[in-house]
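Asker: First the structure, which I've put down as structure tokens, then a few questions once you've had a look.
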Amino acid sequence: MSNLKQRRSFMNRKGISICLWFMAVFCLSVVSFASRGNAADKIPLSFATFFPQTHFHSTLNQMFADDIKKKTGGRVEITVYPGATLAPPTKTYDAVAKGIADIGMSCPLWVAGRFPMSEVFEMPSDIPSSWVTTMVYADLFAKFPFKEYEDVHVLYLHGPGRNVLATKDTPIKKLEDLKGLKLRTSGATIDLVKAWGAVPRAMAMSEAYECLSKGVIDGNFAVPEVLKGFKTAEVTKFVTITPVSTSSNQFVVMNKKKWNSLPDDIKKIFTELSKEYAEKQAMVWMYYDKTGLEYFKSLPGRQVFVIPADQKEQWEKPAKEVLAKYLSDKEAMGLPAKEYVKAFQERVAHYIEKQPSEDQAVKWVEQNILKK
């Protein structure tokens, strides 16, 4: 009898153990399945940019990534790769189109001839600031078919303000002073520099400091931001603000297949935040242009010249010839260049009266980036 009770007790304990084992396995399976489900729901994205990590444009890119994560409830996680660590600036567009990077920011005009519609920003114009550049770029993209971006999904477009002349040894007070000087430039701006009588030298901005210091070039035609950002103020003595100038632009694009795979609610979040961050990027450009010129002025012996109004026609005449050639070339390509440039000029005039001041841009950066 005692043996029977022992056997029953053993069987009961064994049965309970088996039940507990099955329950444990079931619970672990549920947790594992849920974990796999949550992991599958997360969308990891890579963001390639050439700006160094310390640059405020990179700061904004990280803020954009953080806002996307927050507004999607953690479903989308963007990893920003600054300093061209994922793709070089001239290859960023292709890297995104091919899926090497999910998102990319770079300058389309660094690839000559690849982005003909975007080249209008390198044509002579009255663009006064990055804010105007950014607003005009968005309007033109909404109105005209930019086939140059058909391989990707455009999140937003932005760009800096006007270029200035920074020279090493020769002060530029009139157009004739430029004759024969070797100036670093890029893209379609080469045509304007040549029309002004200078000798264009196409090179990356990262090469400007060394080439200026060694006398390989005599000056740089670029946005004031580089005076501080790339420290070219240390190897130049004079800055000239010309009556007509050129600008540049930047794209922020996403791989088209990746974009099409996103749920509609996440697409909406990307679209809303992209519009917001385009203007934020413009404010950062304005900040850098103002502080870049101020940094230049703070160095000993530096001088800034503004070409007077009575010389405006001398500078504008060759500039108009450059614009006429752009129109002719692009019309021959089958692009609506005349209509496009007309709209460009109209939008520039429209936004000039609406732009924030440089002081407002500096205040915005101080409150939203420097204090973070």
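None of the figures in this text is laboratory data; all of them are computed from the coordinates on show. Keep in mind that this is a model prediction, so the values were computed, not measured. Here Cβ is always computed from backbone atoms with ideal geometry, including for glycine, and neighbour counts include all displayed protein chains.
Asker: Just for the Cα atoms in the range 214-266, what are the lengths along the principal axes, largest first, rounded to whole Å?
Answerer: Per principal axis, max minus min of the Cα coordinates gives 54, 28, 18 Å.
Asker: Which one, S125, S247, S328, has the greatest fluctuation when you compute a Gaussian network model over the chain with C-alpha springs under 10 angstrom?
Answerer: Its mean-square fluctuation being the largest, the pick is S328.
Asker: Excluding the sites themselves, what is the longest stretch of the chain that contains no GluC sites (Glu not before Pro) in a DSSP loop with at most 12 other C-beta atoms within 10 Å?
Answerer: The answer is 151-352.
Asker: Sort largest first and round to whole Å: the equivalent ellipsoid semi-axes of the range 93-238, each the square root of five times a Cα gyration tensor eigenvalue.
Answerer: Each semi-axis is the square root of five times an eigenvalue, giving 30, 17, 14 Å.
Asker: Can I ask one more? Compute the relative contact order of the range 226-372 as a whole-number percentage, counting only Cα pairs closer than 8 Å that sit 6 or more residues apart in sequence.
Answerer: This gives 39 percent for the range 226-372.
Asker: What shape does the range 228-321 have by the C-alpha gyration tensor, where a ≥ b ≥ c are the square roots of the eigenvalues, rounded means a/c under 1.5, and otherwise prolate means a/b greater than b/c and oblate the rest?
Answerer: It is prolate, given that a/c is not under 1.5 and a/b is the larger ratio.
Asker: Still on this model: Which of P318, P89, P300 moves most in a GNM of the chain, Cα contacts under 10 Å?
Answerer: P300
Asker: Report the number of Lys pairs in the range 38-164 whose alpha-carbons are under 22 Å apart, with separation of 8 or more residues or on distinct chains.
Answerer: 6
Asker: Tell me, what HN-Hα J-couplings in whole Hz come from the Karplus equation 6.51 cos²θ - 1.76 cosθ + 1.60 at θ = phi - 60° for each residue of the range 55-60, using x for Gly and Pro?
Answerer: So the Karplus estimates, Gly and Pro as x, are 6, 5, 5, 5, 4, 5 Hz.
Asker: In terms of modelled amide H atoms, which long-range or inter-chain residues lie less than 5 Å from the amide H of A222?
Answerer: V164, A166
Asker: Would you please report the Å³ per residue occupied by the convex hull of the alpha carbon atoms in the range 292-335?
Answerer: 123
Asker: In nanometres, what is the gap between the two model label sites at V216 and D94, each 7 Å from Cα along Cα-to-Cβ?
Answerer: Going by the 7 Å Cα→Cβ label model, 2.3 nm.
Asker: Per residue of the range 92-100, in order, report the coupling 6.51 cos²θ - 1.76 cosθ + 1.60 (Karplus, θ = phi - 60°) as ³J(HN,Hα) in whole Hz, putting x for Gly and Pro.
Answerer: Taking θ as phi minus 60°, the curve returns 4, 4, 5, 4, 6, 4, 8, x, 5 Hz for the range 92-100.
Asker: If you don't mind, there's one more thing I want to ask. For the cross-link pairs K168/K280; K173/K297; K280/K354, which exceed 27 Å when the distance is taken from alpha carbon to alpha carbon?
Answerer: K168/K280
Asker: Please find, in a Gaussian network model of the chain (springs between Cα atoms separated by less than 10 Å), the residue of N220, N260, N61 whose mean-square fluctuation is greatest.
Answerer: In the Gaussian network model the winner is N260.
Asker: What share of Cα pairs, in percent, lie more than 19 angstrom apart in the range 68-140?
Answerer: Within the range 68-140, distances greater than 19 Å cover 53 percent of Cα pairs.
Asker: What is the sum of charges around P160, taking Lys and Arg as +1, Asp and Glu as -1, for the other residues whose C-beta is under 11 Å from the C-beta of P160?
Answerer: Here the charged neighbours net out to -1.
Asker: I've got another one for you. How compact is the range 315-372 by the rule of thumb for globular proteins, expressed as Cα Rg over 2.2 N^0.38 Å?
Answerer: Against the empirical 2.2 N^0.38 Å value, I get 1.76 for the range 315-372.
Asker: Sticking with this structure for a sec: How far is the Cα center of the range 202-261 from the Cα center of the range 277-321, in Å?
Answerer: About 13 Å separates the Cα centre of the range 202-261 from the one of the range 277-321.
Asker: Using the Cα atoms as the points, what is the convex hull volume per residue of the range 126-201 in Å³?
Answerer: Hull volume over Cα atoms, normalised by residue count, gives 128 Å³.
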